[in-house]
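Take a look at the structure set out below.
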Amino acid sequence: MLGKRFSRMAIGSVAGVMLMAAAACGGSGGGTTASEAPSAGAGSEAPKGGLKVGLAFDVGGRGDKSFNDAAYAGLEKAKTDLNADIKELSPAADGSNRGDLLRQLADAGYNPIIGVGFAYGDDIKKTAAEYPDIQFAVVDSASNGPNVTGLLFAEEQGSYLAGVAAATKSKTNHVGFVGGVENDLIKKFEAGFVAGVKSVKPDEKIDIKYLTPDGDFSGFKAPDKGKVAAEKMYQDGADIVYHAAGDSGLGVFQAAAAAKKKAIGVDSDQRQTVKEADLQPVIMTSMLKRVDVGVFEFIKAFQGGAKGGTNITYDLKVDGVGLSTTGGEIDDIKDKLDAAKKDIVDGKISVPSKP
């Protein structure tokens, strides 16, 4: 199971991070970090009947070896550990039927229902209002209703560590970043990465390329474009490229292998999830975004009677983001990475979330 593959992390364990807030706060302005959220239980009425959990994937669906697969790992863990009846659905290539998927799950009696990806924000807002007795969660988007929980992540913090690793390991003083879609979420990855690189080598050259403009989500499923973008960076002198591009990251790895350079994966431990044996060695590390933990903990809290209406943020403090260590390529800089993490957690470093 994918969730078991995350056991080796440079930043430590995520065991026992949180349960959702038990009482609804209402609106999208409130929120808390995962470590501050109280446990569901006392005073909460657990849902009656069997646990039926529905999950609607982002574009690309299950099998992207990254974002969607991380979400599925949390769903599968709920099936194994909580005896949940699970149902997964994938949207059309353009994502135009996201709302239909949510309603299909609701009409089939699934509760709670999870939308994977910020693009579900508006659809979940509408669907949650239509089905007030069902609890919803949306990954990467804030709560927008009393029965909606926002599962958010401090991508900029994990990306900062990726930047520290890249700058420390780079021999050419030249690295790159490939983003799938030029929107605010992916810019968080860019901002953190650039800040991390500059903290080590202020004069390091950083190439930045987005595959598609905001609103065109095909950039998350275009390995050919990812390959072309990374090839140009390697040809220009970069020796490490970090991607936040979903399925398009496969193209980045292909370019790295051809150029005999290195790459940094995202969301899942991609050195383990990428099946192509020739690509695995080029993945120096991956920025782990623990969507699996967020999904599972939301389901677990729902089973305990927790309600929505608030946001939960997974950050470095609770190891909601971090770096994978598969392959041992960043083991020699663990002290530097741990020091950077501590400074962020302690508030000595404020990582920007915008470029």
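The values are calculated or read from the model by the stated rules, or taken from the named source; none is laboratory data. From a predicted model like this one, the values you see are computed outputs, not experimental measurements. Neighbour counts run over all protein chains shown; Cβ positions are idealised from the backbone, glycine included. Ligands, DNA and RNA are stripped out before the accessible areas are found, and what is left, the full protein with its side chains, is counted by its heavy atoms. Shrake-Rupley method; radii C 1.70, N 1.55, O 1.52, S 1.80 Å.
Note down all Cβ pairs under 7 Å where the first residue falls in segment 186-206 and is within 19 Å of Ala245 (Cα to Cα), the second is among the small types (Gly, Ala, Ser) and open to solvent by 10 Å² or more (accessible area, probe 1.4 Å), and they're at least six residues apart or on different chains.
Lys188/Ser353; Ala191/Ser353
Do you know which residues across segment 210-227 are of a type in the set (A, V, I, L, M, F, W, C) and not in a strand (DSSP E or B)? Reasoning before the result, please.
To start, the set of residues in segment 210-227 that are of a type in the set (A, V, I, L, M, F, W, C) comprises 211, 217, 220, 222.
Across segment 210-227, the qualifying residues are Phe217, Phe220, Ala222.
State yes or no: is Leu161 buried (at least 24 other Cβ atoms within 10 Å of the Cβ), over 24 Å from Phe217 (Cβ atoms) and either at pLDDT below 95 or in contact with a strand residue (DSSP E or B) (Cβ under 9 Å, 6 or more places away or on another chain) (or both)? It would help to see each step written out before you state the result.
On the way: buried (at least 24 other Cβ atoms within 10 Å of the Cβ): yes; over 24 Å from Phe217 (Cβ atoms): yes; either at pLDDT below 95 or in contact with a strand residue (DSSP E or B) (Cβ under 9 Å, 6 or more places away or on another chain) (or both): yes.
The answer is yes for Leu161.
Given the residues Val241, Val252, Val228, which is the only one that is modelled with pLDDT of 95 or more, open to solvent by 30 Å² or more (accessible area, probe 1.4 Å) and in contact with a helix residue (DSSP H, G or I) (Cβ under 8 Å, 6 or more places away or on another chain)? Outline the logic, then answer.
Working: Val241 fails: open to solvent by 30 Å² or more (accessible area, probe 1.4 Å); Val252 fails: open to solvent by 30 Å² or more (accessible area, probe 1.4 Å).
Matching residue, one of Val241, Val252, Val228: Val228.
Filter segment 71-104 for residues that are outside any helix (DSSP H, G or I), closer than 17 Å to Lys221 by Cβ and among the small types (Gly, Ala, Ser); which is modelled with the highest pLDDT?
Checking each candidate, the answer is Ser90.
Given the conditions (1) of a type in the set (Gly, Ala, Ser); (2) part of a loop (DSSP other than H, G, I, E, B); (3) surrounded by fewer than 22 Cβ atoms within 10 Å (Cβ to Cβ), report the number of the one that Ala129 does not fulfil.
All conditions are met except number (2).
Go through (1) part of a loop (DSSP other than H, G, I, E, B); (2) touching a residue at least 12 places away in the same chain (Cβ under 8 Å) one by one and return the number of the condition Tyr234 breaks.
(1)
Residue under question is Pro352, and the condition is that it be over 18 Å from the mean Cα position of the chain (by Cα) and not in a strand (DSSP E or B); does it hold?
Values: over 18 Å from the mean Cα position of the chain (by Cα): no; not in a strand (DSSP E or B): yes.
No.
Only one residue in Ser218, Ser199 is hydroxyl-bearing (Ser, Thr, Tyr) and open to solvent by 60 Å² or more (accessible area, probe 1.4 Å). Which one?
Values: Ser218 fails: open to solvent by 60 Å² or more (accessible area, probe 1.4 Å).
When all the criteria are applied, what remains is Ser199.
Out of the residues in segment 282-321 that are more than 17 Å from Gly74 (Cβ to Cβ) and assigned to a helix (DSSP H, G or I), which is most open to solvent (accessible area, probe 1.4 Å)?
Applying the filter and picking the extreme gives Lys317.
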